[in-house]
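Report on one structure; see the data block that follows.
The values are calculated or read from the model by the stated rules, or taken from the named source; none is laboratory data. No experiment lies behind these values; they were computed from the predicted model shown. Ideal geometry is used to build each Cβ from the backbone, glycine not excepted, and the neighbour counts take in all protein chains shown. When the accessible area is computed, the model is the full protein with side chains, heavy atoms only, and any ligands, DNA or RNA have been set aside. Shrake-Rupley method; radii C 1.70, N 1.55, O 1.52, S 1.80 Å.
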Amino acid sequence: MYQQVADAAWRWVLSQVRWDGELSIPESPGVAVNPDYRDGMHSGVGGLAYVLAEIRLSRPWTGEEEQLAAGIAAQVSAGIPAATDYNFFDGLASAIGVLTALGADPAPAVARLLAIAEPDGWPQTAFEPPRFVPGTRVTDVVLGTAGILLAAVWTDARELGTAAADLLLAEAEEVPTGLDWAFVPSRFRTDEVVRMPNFSHGVAGIASALAVAGLRFSRPDLVRAATRGAAHLLSLGDGYVVPQRIPADEQAVAHGWCHGGSGTSLLYLALDRAGVASVAGEAPLEWHRRALEGVRNSGLPARLRPGFWDNDGRCCGTAGVGDIFLDSWCRGGDPSDLEFAVRLADALVARAGTDGPHAYWRFVEHRNDEPLLPPGIGWMQGAAGIAAFLFRVERALRGSTEPVPRLDSWWALP
């Protein structure tokens, strides 16, 4: 069942690939391709590299897939010399992950990151006046310096990693409970400072990057900073659930990879991998267990109320949570982790839309007049990422525990 739906979704994704002078996929069918996101991991063709890496664990690539893999690697590599965007979703950090997944050389992207670095960090154009001052720097995993640090660790690029880690240490804020980081430091903002403390934009992701960098580059100071960041994070919640945003908004907590306990659980595994014995009086693996229990007990994947669990993608929804539970099963062998991942896969199968031989998913935005969103195509918010999870569930049920390592989660694997 999972294989059939995954195959149908992957066929649909392949049907959306455009080869008209350049390789691209739209965010949704019929939408113009944004050139800024064309090659990226989030919604561009780069994300298809991760699906191809998953498929390669089940069977040889078809001729079409071999051509697609070669085209992605060539196009992403060709864009590196002029690249100025560095982020994890669509920039040079994304390129490092994509090329590595395809077995191509990421070294030119590392060199480009070093070339465009300035003494106080990496320039970006996403945060502009009037809300942000010129020269704003960003610290987090998906848009900022912590993503560069993860890319440096992934490629064992010590010079790049040292630069990124030292910048993060300089941006750390001493608080009574440990260390904290705002994803945009307050000196760069003209409006209210917002903190999103979980993995994608906050202390959980930054501390994860510091912990694995400390391990890779033999820097105990980075591991200590990561541990203090984790202590502060735990002070914000109960060990099971951490607020997704401070100040809080209408959705006080989340449970996905980006802003919830699923992604935040990766921090505790990074600390354990780095040899940390205790945080806030408990072993990191105990906090990891509690984080996953918070997710498991939240009620997802049921749509309990408007705004709760209306997304089935990797970033904010069902597929991303399921992948993290599969990682946990591969590492520890707890059958309840596999059982929960299968439960999520069942929900994805039930929610799939079909059109002939194709399958896709439509998420919900309950605040819209038309709440049903167009079907997404790419890795983080579309059928590509969901298909990869379903392919993996099928392999897991056949006994395979081999995962696809990625720069945002390799330390969570056996």
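Distance distribution P(r), the stretch 85-183, all Cα-Cα pairs, bin width 10 angstrom from 0: 16, 48, 27, 8, 1 percent.
With the contact rule set at Cα under 8 Å and sequence spacing of 6 or more, what percent relative contact order holds for the chain?
Numbers: 805 pairs, mean separation 77.1, N = 414.
After rounding, I find 19 percent.
In the stretch 1-78, carbon and sulfur make up what percent of the accessible area (probe 1.4 Å)? The value for the stretch 1-78 is 50 percent carbon and sulfur by accessible area. For the stretch 99-108, backbone phi angles converted through the Karplus equation (6.51, -1.76, 1.60; θ = phi - 60°) give residue-by-residue couplings of 5, 5, 4, 8, x, 9, 7, x, 4, x Hz, Gly and Pro being listed as x. Using a probe of 1.4 angstrom and keeping all protein chains present, the accessible surface of the chain works out to 38 square angstrom per residue.
Relative to the compact globular guide of 2.2 N^0.38 Å, what is the alpha carbon radius of gyration of the stretch 257-370, as a ratio? Don't jump to the answer; show the numbers that get you there.
Working: Rg = 16.0 Å, N = 114, 2.2 N^0.38 = 13.3 Å.
Relative to the rule-of-thumb radius for its length, the stretch 257-370 sits at 1.20.
For the stretch 171-231, the normalised intensity computed at q = 0.13, 0.14, 0.23, 0.28 Å⁻¹ comes to -0.33, -0.38, -0.89, -1.14 (log10 of I(q)/I(0), Debye sum over alpha carbons, equal scatterers, no solvent).
With q set to 0.26 Å⁻¹, the log10 of I(q)/I(0) for the stretch 216-307, from the Debye formula over equal scatterers at the Cα positions, is -1.36. Phi-derived couplings, Karplus 6.51 cos²θ - 1.76 cosθ + 1.60 at θ = phi - 60°, listed residue by residue for the stretch 331-347: 7, x, x, 6, x, 5, 5, 5, 4, 5, 4, 5, 4, 5, 4, 4, 5 Hz, with x used for Gly and Pro.
Hey, got the dipole for the stretch 28-169? About the Cα centre, +1 on K and R Cβ, -1 on D and E Cβ, debye to the nearest 20?
Details: 7 positive and 16 negative charges, 18 e Å.
Approximately 80 debye in magnitude.
Here the simple spin-label model places points 7 Å from the Cα toward Cβ, and for E173 and A126 these points are separated by 2.0 nm. From its DSSP helices (H runs of at least four residues, each -39,500 (n - 2.57)), the chain gives a residue-normalised ellipticity at 222 nm of -14500 deg cm²/dmol.
What a 1.4 Å probe finds exposed on the stretch 176-243 is 56% carbon and sulfur by accessible area, rounded to a whole percent. When peptides 60-66, 13-19 are ranked by their average number of other Cβ atoms within 10 Å per residue, the highest-first order is 13-19, 60-66. Geometric descriptor of the chain, per residue, is 137 Å³ (volume of the convex hull of the Cα atoms).
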